[in-house]
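Here's the structure, in structure tokens; my notes come after.
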Amino acid sequence: MDSILFWNHCALEANRISHSHGLDKGALGPTGSSRAIAIIHLAMHDAYVGAKGRANTTLSIYDSNSPTPASGTAVSVNGAIAGAAHETLRLLYPDTSVHGDFNLANHFTLAFNMFNEADWDNGVAYGRVVAVHILGLRLADPDLGDSNYDTVAPRGRGKHQKDPDNPTQGYHAPYYGARATLFASTKRHALNPSPQPGTADYERYLVQVKEKGIKPELMGNVSNAKRRTVDETVIGVYWGYDGAKYLGTPPRLYNQIVREIAIHRGNTLEQNVRLFALVNAAMGDAGILAWEQKYVHNVWRPVAGIRNHDVSLGSDAVPSNNLNNAADTEWLPYGAPKSNEPGKKNFTPPFPAYPSGHATFGAASLHVVRKFYNVNGAGPDNLFNGLHFISDEYNGVTTDNHGAVRPLHRRNFPNGLWDMIIENGLSRVYIGVHWAFDAFQLDGSDKPDLNNIIDANGNIKPEQNVGGVPLGLAIAEDVFRNFKKSNVGPAQYA
């Protein structure tokens, strides 16, 4: 294990423990955790490049104003990485860093024992300076609170509503996406509107999630031929990581997958410095742009859309006594899994549906990896050949919300990361918390419409620009092509 993999593991543990115990509110949820892990890896990236004297032509400095070592001062590369990682972790996770399940001081001692080399102390001191600089670039980031949002939230048919099965929920990060400056993308990528209620196209998506995403106790309402299969149920939970205890959030999941590839391919330290910086800068921007688009489009979740599908239902109802048969006033989803929390109900996440955060994070992170290993365009790849992945949702230890231990499941992906991108997007339909269009459009056969979605210049074709997968692919293409500090703030929305 090199020092990037070591400190990446520490960052993922901080994510896991903070969500397990509700610590460090600014780093919670998908947006807070994608922000935190991006900062950690960008600090390590610039500390490494600076410690190498910037003579390396295969790595670009993330921020041209990052501090350089004092003239004539020799610095340890691994010490610089350790100093940058430790300082960002300490400041982003102050409560978690001293928690009994994650003692940052002990991890720093372990790093010293594993990677100590000449000029270690100088390297650590330099890495800490870089860390403070990178953190300083993010001081203007908005918090994740929902102060007064309920008073200004759009109302009406098709707009996001609170989960009727969890009506006390608030809103996660309604201001974050629109007000945060991007990490590395050069453009604030936006999406076309999703299919709209009242259209035949929309109703096609509604019927799909109504059948495939229903709560198990209600599956008797669905014909045997159309019910969710065993494999679809597993897919839905496998990709969960919905801030669950001892699991954390989607950015942790996708980093775990990237680790498997980096280790299998025997990456050098330098390769991992760049790979993990690219992956997490892309996810940092995915957390910003997906949440910006969520609150721009404000699309309701299936639990609201199915229960209120008929025009006679909901707060803006039109009188009628002959309801549309696609409506189901008693429908409930399987729900995002409350893993390791017996007695707690599965839930619908507290933010608008379109686009899916999972689909955006997954496509952004995994397509950056594809680009890193020279896979261009859309379609199958061989980057997971000979590998399998065990999700922490199915590791033989995690329990469901009834307290039953889920079995260990080894899952392979014959078409590589492209398989993962698609399956990850569909997973949210199978637990009933997203429409398929939150990830991508479906073709006439109800299959993902992703063929040739990326043109020869690395741009998303406009007619296919619907959902989190196109958004994530656009972010990945942009970040990989233009990796550097972004100056694209909210006022430069394009």
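The values are calculated or read from the model by the stated rules, or taken from the named source; none is laboratory data. Since the structure is predicted, the reported quantities are computational estimates derived from the model, not experimental observations. When we count neighbours, we look across all protein chains shown, and the Cβ atoms used for this are built from the backbone with ideal geometry, even at glycine.
Tabulated data
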{"read-out": "Criterion (over 30 Å from Trp331 (Cα atoms), under 19 Å from the mean Cα position of the chain (by Cα) and assigned by TED's automatic domain parsing to the domain that holds Pro251) met by exactly one of Trp418, Trp435", "value": "Trp418"}
{"read-out": "Odd one out for Val207 among (1) outside any loop (DSSP other than H, G, I, E, B); (2) crowded, with 17+ Cβ neighbours inside 10 Å", "value": "(2)"}
{"read-out": "The one condition in (1) out of contact with any strand residue (DSSP E or B) (no Cβ under 6 Å at 6 or more places or on another chain); (2) surrounded by fewer than 22 Cβ atoms within 10 Å (Cβ to Cβ) that Ala47 fails to fulfil", "value": "(2)"}
{"read-out": "Residue list for region 218-229, restricted to those being assigned to a helix (DSSP H, G or I) and over 16 Å from Thr348 (Cβ atoms)", "value": "Met219, Gly220, Asn221, Asn224, Ala225, Lys226"}
{"read-out": "Enumeration of residues in region 31-83 that are under 12 Å from Tyr126 (Cα atoms), at pLDDT 95 or above and of a type in the set (A, V, I, L, M)", "value": "Ala43, Met44, Ala47, Val49, Ala51, Val75, Val77, Ala80, Ile81, Ala82"}
{"read-out": "Of all residues making up region 294-311, the number that are under 17 Å from Val469 (Cα atoms) and surrounded by fewer than 24 Cβ atoms within 10 Å (Cβ to Cβ)", "value": "1"}
{"read-out": "Enumeration of residues in region 432-446 that are surrounded by 13 or more Cβ atoms within 10 Å (Cβ to Cβ) and out of contact with any Asp or Glu (no Cβ under 9 Å at 6 or more places or on another chain)", "value": "Gly432, His434, Trp435, Asp438, Ala439"}
{"read-out": "Flag for Gly403 being in the same structural domain as Ala476 (by TED's automatic domain parsing), more than 22 Å from the chain's Cα centre (by Cα), more than 30 Å from Val296 (Cα to Cα) and not aliphatic (A, V, I, L, M)", "value": "yes"}
{"read-out": "Test: residue in region 361-370 that is closer than 29 Å to Gln293 by Cα, part of a loop (DSSP other than H, G, I, E, B) and of a type outside the set (Phe, Trp, Tyr)", "value": "no"}
{"read-out": "Residue that is of a type in the set (Gly, Ala, Ser) and under 20 Å from Leu28 (Cα atoms), where the choices are Gly266, Gly284", "value": "Gly284"}
{"read-out": "Close pairs (9 angstrom Cβ cut-off, 6 or more residues apart or separate chains): over 22 Å from Arg252 (Cα atoms) in region 371-393, aliphatic (A, V, I, L, M) and modelled with pLDDT under 95 anywhere", "value": "Gly377/Ala456"}
{"read-out": "Only listed residue being over 20 Å from Ala184 (Cα atoms), within 19 Å of the chain's Cα centre (by Cα) and polar (S, T, N, Q), chosen from Ser76, Ser20", "value": "Ser20"}
{"read-out": "Only listed residue being among the aromatic types (Phe, Trp, Tyr), in contact (Cβ under 8 Å) with a residue 40 or more places away in the chain, in contact with a Gly (Cβ under 7 Å, 6 or more places away or on another chain) and part of a loop (DSSP other than H, G, I, E, B), chosen from Tyr246, Tyr241", "value": "Tyr241"}
{"read-out": "Contacts under 8 angstrom Cβ, first residue in region 454-467 being touching a residue at least 24 places away in the same chain (Cβ under 8 Å) and closer than 9 Å to Asn192 by Cβ, partner in a strand (DSSP E or B) and of a type outside the set (Lys, Arg), 6 or more apart", "value": "none"}
{"read-out": "Options Val397, Val369, Val429, Val405; residue that is crowded, with 22+ Cβ neighbours inside 10 Å and more than 22 Å from Lys447 (Cβ to Cβ)", "value": "Val369"}
{"read-out": "Counted residues, region 286-316 - those being in a loop (DSSP other than H, G, I, E, B) and either touching a helix residue (DSSP H, G or I) at 6+ places or on another chain (Cβ under 6 Å) or among the acidic types (Asp, Glu) (or both)", "value": "2"}
{"read-out": "Members of region 340-391 that are touching an Asp or Glu at 6+ places or on another chain (Cβ under 9 Å) and of a type in the set (Ser, Thr, Tyr)", "value": "Thr348, Tyr354, Ser356, Tyr373"}
{"read-out": "Tabulated pairs, region 400-423, first on the phi > 0 side of the Ramachandran plot, second small (Gly, Ala, Ser) and surrounded by fewer than 20 Cβ atoms within 10 Å (Cβ to Cβ), C-beta under 6 angstrom, 6+ apart or interchain", "value": "none"}
{"read-out": "Condition check for Gly29: surrounded by 19 or more Cβ atoms within 10 Å (Cβ to Cβ) and either of a type in the set (Phe, Trp, Tyr) or in contact with a Phe, Trp or Tyr (Cβ under 8 Å, 6 or more places away or on another chain) (or both)", "value": "no"}
{"read-out": "Exclusive hit being at pLDDT below 95, assigned by TED's automatic domain parsing to the domain that holds Ser194 and touching a Lys or Arg at 6+ places or on another chain (Cβ under 9 Å), set Val397, Val488", "value": "Val488"}
{"read-out": "Yes/no for Pro352 being part of a loop (DSSP other than H, G, I, E, B) and surrounded by 24 or more Cβ atoms within 10 Å (Cβ to Cβ)", "value": "yes"}
{"read-out": "Meets criteria (on the phi > 0 side of the Ramachandran plot, out of contact with any strand residue (DSSP E or B) (no Cβ under 8 Å at 6 or more places or on another chain) and at pLDDT 95 or above) for Gly266", "value": "yes"}
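Table: residues versus (1) surrounded by fewer than 18 Cβ atoms within 10 Å (Cβ to Cβ); (2) farther than 21 Å from Ile39 by Cβ; (3) out of contact with any helix residue (DSSP H, G or I) (no Cβ under 9 Å at 6 or more places or on another chain); (4) of a type in the set (Lys, Arg).
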position: Thr73; (1), (2), (3), (4): yes, yes, no, no
position: Thr88; (1), (2), (3), (4): no, no, no, no
position: His107; (1), (2), (3), (4): no, no, no, no
position: Asp121; (1), (2), (3), (4): yes, yes, no, no
position: Tyr126; (1), (2), (3), (4): no, no, no, no
position: Pro142; (1), (2), (3), (4): yes, no, no, no
